[in-house]
1. Averaging the inverse of every distinct alpha carbon separation and then flipping it gives the Kirkwood radius. What is it for segment 240-346, in angstrom units?
2. For THR345 and ALA186, calculate 0.36 nm times their separation in residues minus their Cα-Cα distance, and state this gained length in nm to one decimal.
3. What does the charge add up to near LEU23, with Lys and Arg as +1, Asp and Glu as -1, over the other residues with Cβ less than 13 Å from its Cβ?
4. So what is the accessible area of the chain per residue, in Å², with the probe set to 1.4 Å?
5. SER390: net charge of surrounding residues, Cβ under 14 Å, Lys/Arg +1, Asp/Glu -1, itself excluded?
6. Is any residue of segment 404-420 close enough, with backbone N under 12 Å, to a label point placed 7 angstrom from the Cα of ILE360 along the Cα-Cβ axis, and if so, which?
7. Counting only GluC sites (Glu not before Pro) that are in a DSSP loop and have at most 14 other C-beta atoms within 10 Å, tell me the longest site-free stretch of the chain.
8. Taking log10 I(q)/I(0) by the Debye sum over Cα atoms at q = 0.09 Å⁻¹ as the quantity of interest, determine which of [x] -0.89; [y] -0.49; [z] -0.65 was computed from the displayed structure.
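The values are calculated or read from the model by the stated rules, or taken from the named source; none is laboratory data. All values derive from a computational prediction rather than experimental measurement. Methodologically, a virtual Cβ is constructed for each residue, glycine included, from the backbone with ideal geometry; neighbour enumeration extends over all protein chains shown. These accessible areas exclude ligands, DNA and RNA; they are computed on the full protein's heavy atoms, side chains included. Shrake-Rupley method; radii C 1.70, N 1.55, O 1.52, S 1.80 Å.
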Amino acid sequence: MDKPRGKEVARRKLIKRIVFITLFLIGGAALTFGLSKLKPAAPEVDLATVWPDTVRRGPMVREVRGLGTLVAKDFLWIPAQFDGRVEKINVLPGSVVHANDVLMVMSNPQMDLDAGNLEWQVKAAEATYTDLKVKLETQQLQQKSLTEKANSDYQQAALTAEKDKALFDQHLEPELTLKLSQSNAAQLKNSWELAKQQLDIFSQSIQAQLEVQKVNIDQLRASWELKKRQVSQLTIRAGVDGVVAQLGPTGTPLEVGQRVAPGAVLAKVTVPGKLKATLKIPETQAKDVALNQQAQVDTRNGIIPGHVTRVDPAATNGTVDVDVSLDGPLPEGARPDLSVDGTITIEKLADVVYVGRPVIGQAGSKIGLFKIDPDGKGASRVTVSLGRASVNTIEVVDGLHVGDRVILSDMSAWDTHNRIRLR
C-alpha cells in the first residue's frame, strides 16, 4: 500500500523549483545583456552595383565641363520701324533666306493715306508751276513787245531828227522844228532804255518766282519719297544672306494679324558659318576659367577645338556663361542653337595623388569614402580630404594612399554603417 509523503519531500521539491526558476531568470538576463553588446552585422552590397577606383599618382589635367549651344557670331535683329499690322508671313524659323527675300508684309492705312496725299500735293504743285511759267512767259512776251515798240518809235524819231537837221542845214527847216524833233527822239530813247531795263528785271523776276515754286515742288517730292520709303519698309526683308533664327520677340512667336509697335523685334537672321559655343559652367567651377584657355566642343557629330573668349561676370541660376571661339572647321549639320557639350582645360598638374571624382566630392572638402579591403570582401569608411578637382578626377590631400581602392558611387543608403560586406 502507498506511503504518505512527508513534509521533507515537499520542501525539497519547492527548493528545487525555486533554484530552477532563479537560474532561468539569471540565464535570460545574461543572454539579453550579451545580445545587446553585439554590433549589428555589416550589410552586404553587390560589388557589381558600385563604382570602384584606384588611387593613383602622376600628372592630372584639371578641366571643367558644361552644356551649351552654338550661337551665331554675326546676326541681324530686324525691328519694326513703324506701327503696323502683320498681313502676311512668308518664312518660318530655320528657313534659309537671301538679303532681298521678303520675310513678312505689314500694313499701316494712315501711312498709305499720307503717301497718297503727298503724291497729289506734288502733282498740284507741278501744275501750279506750269501755270505760273506760262503766265510769266506771256507777261515777258508782252514786255518784249513794248520794248520793241519803244525801240521802233525811237528809231523813227531819230530818223526824223536827222531829216530835220539836214533841212535846217540847208535853211529849209526852221530851228524850232529841229529842236522839237531832237527832243522827241531823246525822250523816245529814254523810254526805250527804260523798257529794256524793265524787260531785264522782269526776266530775273520770272526766274526767281519759278525757283520758289520749284523749291516747293522739291520739298513736297522729298516728303513724298520719304513717305514712299517708309511704306516700302512695311515690307520686311532679310537684309543679309542667312538663316531665320526667330520671328518676333524671344519667347513670343509672331502671328498674322498681330499689331506691333515701333521698335518691336520682328525677326532675327543669323549668318551661317560663323558660330561660337556658349557654355553654362557651374558657378563653383567658373572661378578658375580665364580668357584664352583651351577648350573642346563636342557637337555629337565631331569635336572642335577652341579657346575661351568671354566669361560672363554674373551668374544666372547657378551657372556662368562662357563663350568659346571655335578654331576648327564646323562639322556637317552644325547650326545655331545646336546643343553641345564643352570641356575647358584649366591647368595641367605634373605630380599629384588623385582618384576618380566621387559622386558627392567637391574641391577642398572632406568626405567619407568606403575603402575596399585588400581581399576585396569588405570595405570600411574612411575620411578623405580632397583638393583640386577636374571633370572626372580629383586630388587626394589626405586619408588615402597610392594603390588604395575606394568606392566612388553614391553610398548614402549606408550612411549609418561604417563597414559593408562585398559579394
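1. Details: mean 1/r = 0.0635 Å⁻¹.
Here the Kirkwood hydrodynamic radius works out to 15.8 Å.
2. Details: separation 159, 0.36 × 159 = 57.24 nm, distance 10.88 nm.
Taking 0.36 nm per residue and subtracting the Cα distance, the gain is 46.4 nm.
3. On the way: positive: LYS16, ARG17; negative: none.
Its environment carries a net charge of +2.
4. Working: 26250 Å² over 423 residues.
Value returned for the chain: 62 Å² of accessible area per residue.
5. +1
6. Residues passing the 12 Å test: 408-418.
7. Details: sites that count: GLU255, GLU332.
Longest site-free region, per DSSP loop and neighbour criteria: 1-254.
8. Computed from these coordinates, log10 I(q)/I(0) by the Debye sum over Cα atoms at q = 0.09 Å⁻¹ corresponds to label [x].
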